[in-house]
Amino acid sequence: MTSSIRKFIFHDLQAIEGYIDPPDALVFLAILGSQQAASLEGGLAEIGVYYGRSYFLLRKICGDAEKIVAIDPFDIVKPDHGGAQYDRFVAGGRQLGLSVDGGRVIKSDSTLLRAEDIIERAGMVRFFSIDGGHMLHHVEADSRLAAASLAEHGIIVFDDTFNPAWPEVTAGVTDFLREEAGRFSVFCLTKYKTYVCRQAFHEFYSRTIKTSPELKAFDHLETEFLGSTAIRLHNPMRRRIAYEVMVGLGMRALSERAYR
Ligand SMILES: C[S@@+](CC[C@H](N)C(=O)[O-])C[C@H]1O[C@@H](n2cnc3c(N)ncnc32)[C@H](O)[C@@H]1O
């Protein structure tokens, strides 16, 4: 099963324009797999869908029956982008053979939502991805929304942390972590994302990252961050080069081997 999902990550998903790269896709796979193995149930939610690259990854990993709330104003209009944002999102799903659960799509600015809007559509959430507005007030509102709709065992993943192009994302995430000190802590860091859970589950998710076969290709480095030890997954330059060369040569199906 995971080998077909790995093929999906390295090959099929690349047809959807968007912003999740293979290393984080493998972290998503590891976390969702460990939740499933431990019967940690709950819905999924994403703020900032764009054309659905992460959404379809979640759908592929979790299957049709899982409830995924997808939040985005869907108001991007780019003449060269082949139609309206929402239509292109749905068309991407059709191309991949995956469904969009229209009843759980919320076409809105996320800062206007309440936790009930999410909980009534998906129950308490076990996996919440935040990749919407990138200014401080967005991250403040989105982190509050995620925390209030999160199951005890749920995780929040923030995109674009420590990216110098979006300094207010980093400010918002560190504000959240300091306000929530003792309740939420970081268990994993990648080049692009920061993964957070409640304190009581820190050990569980740290173990997930440490032991997942999906993640053994990365260097695992311990990093102290605001009172907790996070595992920083480092992707060595030689692997990134090998991957880019294979992709450049049109060997997408083979590129997965670089991450074994
Ligand atoms: C970087 S893209 C997300 C990429 C996506 N997660 C992926 O996997 O490809 C950012 C998205 O956030 C949406 N967005 C921007 N401001 C938002 C807001 N206030 N509330 C919800 N979504 C927002 C944009 O419409 C855009 O689709």
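Coordinate-derived values only; no laboratory data. What you see is a predicted model, and the numbers here were worked out from it, not measured in a lab. All Cβ positions, even for glycine, are placed from backbone atoms using ideal geometry, and neighbour counts span all protein chains on display.
Figures for the structure shown
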item	result
Test result for Ile31, buried (at least 22 other Cβ atoms within 10 Å of the Cβ), within 14 Å of the ligand (Cβ to nearest atom), in contact (Cβ under 8 Å) with a residue 40 or more places away in the chain and of a type in the set (Val, Ile, Thr)	no
Subset of segment 60-87 [within 11 Å of the ligand (Cβ to nearest atom) and crowded, with 18+ Cβ neighbours inside 10 Å]	Ala70, Ile71, Asp72, Phe74, Gln85, Tyr86
Residue within segment 88-108 that is in contact (Cβ under 8 Å) with a residue 60 or more places away in the chain and loosely packed, with under 15 Cβ neighbours inside 10 Å present	yes
In segment 114-141, the residues that are of a type in the set (Asp, Glu), surrounded by 16 or more Cβ atoms within 10 Å (Cβ to Cβ) and away from the ligand (no atom under 12 Å from the Cβ)	Asp117
Subset of segment 88-113 that is away from the ligand (no atom under 13 Å from the Cβ) and of a type in the set (S, T, N, Q) - its residue that is nearest to Arg59 (Cα to Cα)	Ser99
Search result, residues across segment 201-247 that are part of a helix (DSSP H, G or I) and within 19 Å of the chain's Cα centre (by Cα)	Phe201, His202, Phe204, Tyr205, Ser206, Arg207, Thr208, Ile209, Lys210, Pro213, Glu214, Leu215
Failed item in (1) within 12 Å of the ligand (Cβ to nearest atom); (2) touching a strand residue (DSSP E or B) at 6+ places or on another chain (Cβ under 8 Å); (3) more than 19 Å from Gln85 (Cα to Cα), with Ala25 passing the rest	(2)
Where a residue in segment 66-80 is over 30 Å from Ser39 (Cα atoms) and without any contact (Cβ under 8 Å) to a residue 24 or more places away in the chain and its partner, wherever it lies, is near the ligand (Cβ under 10 Å from one of its atoms) and outside any strand (DSSP E or B), with Cβ under 8 Å and at least six apart	Asp75/Gln85; Val77/Gln85
Helices (runs of 4 or more DSSP H) enclosed by segment 39-151 - at least 1 residues per element that are closer than 30 Å to Ser3 by Cα	53-62, 85-96, 115-122
From the options Leu57, Leu40, residue that is in contact with a Leu (Cβ under 9 Å, 6 or more places away or on another chain) and in contact (Cβ under 8 Å) with a residue 12 or more places away in the chain	Leu57
Among the residues listed as Gly48, Gly154, the single one being under 19 Å from Val173 (Cα atoms) and more than 10 Å from the ligand (Cβ to nearest atom)	Gly154
